[in-house]
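Heads up: the structure comes next, in structure tokens.
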Amino acid sequence: IVGGTPTTITAHPWQVSMQRSGVHFCGGSLISSTVVVTAAHCLLKVTVATLRVRAGSTYRSLGGVTSNAASFKMHEDYDSSTKINDIGIVKLQTKLTLGTNIKAIALATTAPQHGAAASCSGWGSTSYAGNSYSAKLLYIDTRIVGRTECGSSSYSYGSKIKDTMICAAASNKDACQGDSGGPLVSGGKLVGIVSWGTNCALAQYPGVYADVAKLSAWVTKQL
Ligand code: 4AZ
């Protein structure tokens with residue numbers, strides 16, 4: 001997260017760190033005690049035996065609880081060149097005990113309005129040039145940029161913004177590398193999944209997210 005504010009897991013209790021051989025590589029969101037929603041592109045190079053999540057911790061690499069993956073699935077129509085349908089799920093081997101620091105979030109089923117307030121959280125890079133992740137959970141307040149606006153001449157993505165994408169922008173604040181798969185929340189619902197962007201926190205290039213409202217039916221079908 002670039003331009004973020006330190007926060008605690010209590011304020012973002014659905015947030016998890018996805019870890020491969022004990023090392024954070026992406027974010028995710030709990031949608032039940034046993035299911036995490038993340039980005040398809042996060043699952044491209046993982047094996048189930050090395051995949052686990054850390055839940056209930058403000059810190060990337062300590063505390064909370066860890067839970068091993070039982071299985072994972074990427075959206076069948078994820079396309080790594082266009083990044084359409086960038087969503088996947090991870091099922092956990094054992095149920096997490098939900099409580100103050102571990103909670104599920106509901107999936108949005110209707111798209112958020114252009115200009116709506118939203119927040120994004122994660123342990124990713126604090127600058128695009130930087131190559132280290134944040135030890136502590138960070139978040140930003142941002143605003144939804146609707147798909148039409150995001151692909152318009154107001155910004156510089158043009159036709160790269162596809163039907164299953166939504167954007168969010170705030171001055172000098174953005175998701176960045178290592179935040180992928182993590183949550184964009186608006187109105188108490190999961191409206192986006194950190195997917196891609198050109199660099200981080202550039203005014204011409206909003207953060208691009210998988211549009212959960214467009215993909216929620218796929219998720220529900222996998223449960
Ligand atoms: C990445 O490389 C990445 N600014 C994620 C999000 C954004 C850019 C890059 C959005 O995982």
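The values are calculated or read from the model by the stated rules, or taken from the named source; none is laboratory data. Being a predicted model, the structure only gives us computed values, none of them experimental. Here the Cβ is made from the backbone with ideal geometry for all residues, glycine too, and neighbour counts use every protein chain on show.
Scanning for something in a loop (DSSP other than H, G, I, E, B), among the hydrophobic types (A, V, I, L, M, F, W, C) and buried (at least 19 other Cβ atoms within 10 Å of the Cβ), does segment 12-21 turn up at least one residue?
Among the residues of segment 12-21, at least one is in a loop (DSSP other than H, G, I, E, B), among the hydrophobic types (A, V, I, L, M, F, W, C) and buried (at least 19 other Cβ atoms within 10 Å of the Cβ), which makes the answer yes.
Take the residues in segment 22-33 that are within 26 Å of residue 170 (Cα to Cα) and within 16 Å of the ligand (Cβ to nearest atom); name whichever of them is surrounded by the most Cβ atoms within 10 Å (Cβ to Cβ).
27
Which of the residues that make up segment 112-152 are small (Gly, Ala, Ser) and modelled with pLDDT under 95?
129, 130, 132 - these are the residues of segment 112-152 that are small (Gly, Ala, Ser) and modelled with pLDDT under 95.
Determine, yes or no, whether residue 25 is within 29 Å of residue 202 (Cα to Cα), aromatic (Phe, Trp, Tyr) and under 17 Å from the mean Cα position of the chain (by Cα).
yes
Residue pairs, Cβ under 8 Å, 6 or more apart or interchain, first in segment 185-201 and closer than 17 Å to residue 42 by Cα and in contact (Cβ under 8 Å) with a residue 60 or more places away in the chain, second among the aromatic types (Phe, Trp, Tyr) and within 16 Å of the ligand (Cβ to nearest atom). List them.
192/209; 193/209; 194/209; 195/209
For the list (1) part of a helix (DSSP H, G or I); (2) touching a strand residue (DSSP E or B) at 6+ places or on another chain (Cβ under 7 Å); (3) of a type in the set (A, V, I, L, M), I need the number of the one condition that residue 49 fails.
Checking residue 49 against (1) part of a helix (DSSP H, G or I); (2) touching a strand residue (DSSP E or B) at 6+ places or on another chain (Cβ under 7 Å); (3) of a type in the set (A, V, I, L, M), the one that fails is (2).
Scan segment 165-174 and give yes if some residue there is closer than 15 Å to residue 83 by Cβ and of a type in the set (Ser, Thr, Tyr), otherwise no.
no
If residue 222 satisfies every condition in (1) in contact (Cβ under 8 Å) with a residue 60 or more places away in the chain; (2) within 15 Å of the chain's Cα centre (by Cα) but one, which is the exception?
It fails just one condition, (2).
Is there a residue in segment 90-102 that is buried (at least 23 other Cβ atoms within 10 Å of the Cβ), within 16 Å of the ligand (Cβ to nearest atom) and assigned to a strand (DSSP E or B)?
Checked against the condition, which is being buried (at least 23 other Cβ atoms within 10 Å of the Cβ), within 16 Å of the ligand (Cβ to nearest atom) and assigned to a strand (DSSP E or B), segment 90-102 yields no hits at all.
Considering segment 41-63 alone, what residues qualify as being buried (at least 19 other Cβ atoms within 10 Å of the Cβ) and at positive phi?
Scanning segment 41-63 gives a single hit, 56.
Going by the conditions given, is residue 22 free of Cβ contacts under 8 Å to residues at least 40 places away in the same chain and not aromatic (Phe, Trp, Tyr)? Give the steps one after another, and end with the answer.
Numbers: free of Cβ contacts under 8 Å to residues at least 40 places away in the same chain: yes; not aromatic (Phe, Trp, Tyr): yes.
When the stated conditions are applied, residue 22 passes them.
Looking at segment 65-77, can you tell me whether even one residue there is surrounded by fewer than 18 Cβ atoms within 10 Å (Cβ to Cβ), outside any strand (DSSP E or B) and not hydroxyl-bearing (Ser, Thr, Tyr)?
Yes: one or more hits.
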